[in-house]
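*Asks:* Structure below; questions to follow.
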């Protein structure tokens, strides 16, 4: 039997469940939640999914963003110039997690799929790709699903893409973070500065072929 699972738990869902925001938890509570998240598959025989915690309401204490990141430092010169920190760490199931800290008050985690784990019961457990976001200060989710995050002025700071990657405003350029790494990208902000859309500079035509392009008269 094979279990494949992925789930998320947003701050909005926490409130609906009677939790009044992450401020109700102590730092020790958060550490315990984090440990529970990391070891869940092993401790509970893989029956429950790996959780991806999306924290808001001053979610992560500011000191969290000042502490060293887990694993190997993969911060590039370009990232450093933007105030971004990044690391890569290996997990017990063989998966890899990329952690990115952005000076706009956002931390993003992106993890690739782990190797199948055979439990004592004989069950084979595989945790799928996962992602999560934490925010500090005035950064809060814009939508109920926690896929878009805004600052105190209502400007979009981070946005989850369909493939599970995140596009984040560092304040000094935008970055796309996936479970493969972090790269700088180009975006266009709306006239009022509230929203943004990433520009695909690598494949500007998208799925269009030359034959799909309108013909110019006289050509």
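*Asks:* If you check residue 146 against the conditions, is it surrounded by fewer than 19 Cβ atoms within 10 Å (Cβ to Cβ), touching a residue at least 24 places away in the same chain (Cβ under 8 Å) and touching a strand residue (DSSP E or B) at 6+ places or on another chain (Cβ under 7 Å)?
*Replies:* Criteria not met by residue 146.
*Asks:* Consider residue 125 against the criteria (1) surrounded by 15 or more Cβ atoms within 10 Å (Cβ to Cβ); (2) in a loop (DSSP other than H, G, I, E, B); (3) at pLDDT below 85; (4) in contact with a strand residue (DSSP E or B) (Cβ under 9 Å, 6 or more places away or on another chain): it satisfies all of them except one. Which criterion is unmet?
*Replies:* So the condition that residue 125 fails would be (2).
*Asks:* Starting from residues that are at pLDDT below 95 and farther than 9 Å from residue 179 by Cα, keep the ones in the stretch 90-100 and report whichever is surrounded by the most Cβ atoms within 10 Å (Cβ to Cβ).
*Replies:* By that ranking, first place goes to 95.
*Asks:* Among the residues of the stretch 193-207, what is the count of those that are in a loop (DSSP other than H, G, I, E, B), modelled with pLDDT under 95 and at negative phi?
*Replies:* 7
*Asks:* What are the residues in the stretch 153-166 that are over 9 Å from the mean Cα position of the chain (by Cα) and surrounded by fewer than 22 Cβ atoms within 10 Å (Cβ to Cβ), if any?
*Replies:* Across the stretch 153-166, the qualifying residues are 153, 154, 155, 156, 161, 162, 163.
*Asks:* Considering only the stretch 101-121, state which residues are within 23 Å of residue 185 (Cα to Cα) and either without any contact (Cβ under 8 Å) to a residue 40 or more places away in the chain or surrounded by fewer than 19 Cβ atoms within 10 Å (Cβ to Cβ) (or both).
*Replies:* 101, 103, 112 - these are the residues of the stretch 101-121 that are within 23 Å of residue 185 (Cα to Cα) and either without any contact (Cβ under 8 Å) to a residue 40 or more places away in the chain or surrounded by fewer than 19 Cβ atoms within 10 Å (Cβ to Cβ) (or both).
*Asks:* State all residues of the stretch 128-141 that are part of a loop (DSSP other than H, G, I, E, B) and either at pLDDT 75 or above or touching a helix residue (DSSP H, G or I) at 6+ places or on another chain (Cβ under 7 Å) (or both); if no residue qualifies, say none.
*Replies:* Answer for the stretch 128-141, where residues must be part of a loop (DSSP other than H, G, I, E, B) and either at pLDDT 75 or above or touching a helix residue (DSSP H, G or I) at 6+ places or on another chain (Cβ under 7 Å) (or both): 129, 136, 137, 138, 139.
The values are calculated or read from the model by the stated rules, or taken from the named source; none is laboratory data. Just so we're clear, the structure is a prediction, and the values are computed from it rather than from any experiment. In this analysis, Cβ positions are derived from the backbone assuming ideal geometry, glycine residues included, and neighbour counts consider all displayed protein chains.
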